[in-house]
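Reviewing the structure listed below.
A short reminder: the numbers here are calculations on the coordinates, not readings from a lab. Given the structure is predicted, the values throughout are model-derived calculations rather than measurements. Using ideal geometry, Cβ is built from the backbone for each residue, glycine included, and neighbour counts are taken over all protein chains shown.
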Amino acid sequence: MARIDLSQLSPLAATPRGWLETVLADFDGFLMDHASAEKKASGMAMSMVSHYPDQPSIVRAMVELAVEELNHYREVMRLILARQLTPAADLKDPYIHALNGQVRKANEHFLLDRLTVAAVVERRGAERFALLADNLYDDPALQRFYQAIAASEQRHWELFLDLAVEHFDVATVIERFNELSQREAKIIQTLPLRAALH
Ligand SMILES: [Fe+2]
Ligand SMILES: [Fe+2]
């Protein structure tokens, strides 16, 4: 599998100051959003399977991913239920909505954009879960949980880029990923801070 030289990618813009404090101030609220994000990630992976049923590399990777994300959802839901919180319906994620708006619908671009948007989203998730884990020192079990989640999301964004370079040339993938990363950096600056992953 062709792998991308990660040093050619735009560096990740840092999460705005205040995000961590906002999350820690309403950690129960954050957990509810986190559960929702994992469930949606699993659903997104299965939607890729449905969209590209004849592409073995996509089906193989996305089935595995769907199961892994669903496991994350189960683990977060266990935390929610252990805290005796009432599970609630998913809310719209304005960050995901804005990034999905960058996906070009034409056939020749759609797959590239789905994969590179997913890579951008997973990279941000990896950064934020690691940031959170670094600051959960008073709860070692929760800290280990978020370290594991961060490591998993780190693998995922590289997985999406690996898939992209199986279908498109490396320069095209890097160019699109970097464009989307720059847009993403603007999006996170404009969205209000919430006790949520995004
Ligand atoms: Fe996940
Ligand atoms: Fe993920």
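Here are the numbers:
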read-out: Cα gyration tensor shape of segment 14-166, rounded if a/c is under 1.5, else prolate or oblate by comparing a/b with b/c; value: prolate
read-out: Length added when fully stretched, Glu21-Leu91, from 0.36 nm per residue minus Cα-Cα; value: 23.1 nm
read-out: Principal-axis tilt of helix 107-134 within the chain, Cα atoms, nearest 10 degrees; value: 30
read-out: Under 12 Å, Cβ to Cβ, from Glu68 - net charge with Lys/Arg +1 and Asp/Glu -1; value: -4
read-out: Packing-based exposure ordering (other Cβ within 10 Å, fewest first) of Lys39, Lys105; value: Lys105, Lys39
read-out: Cα long-axis angle, helix 56-82 against the chain (0 to 90 degrees, to the nearest 10); value: 10
read-out: Total formal charge among the other residues, if their Cβ is under 15 angstrom from that of Ala150, Lys/Arg +1 and Asp/Glu -1; value: -4
read-out: Between 0 and 90°, nearest 10: helix 27-51 axis offset from the chain longest Cα axis; value: 20
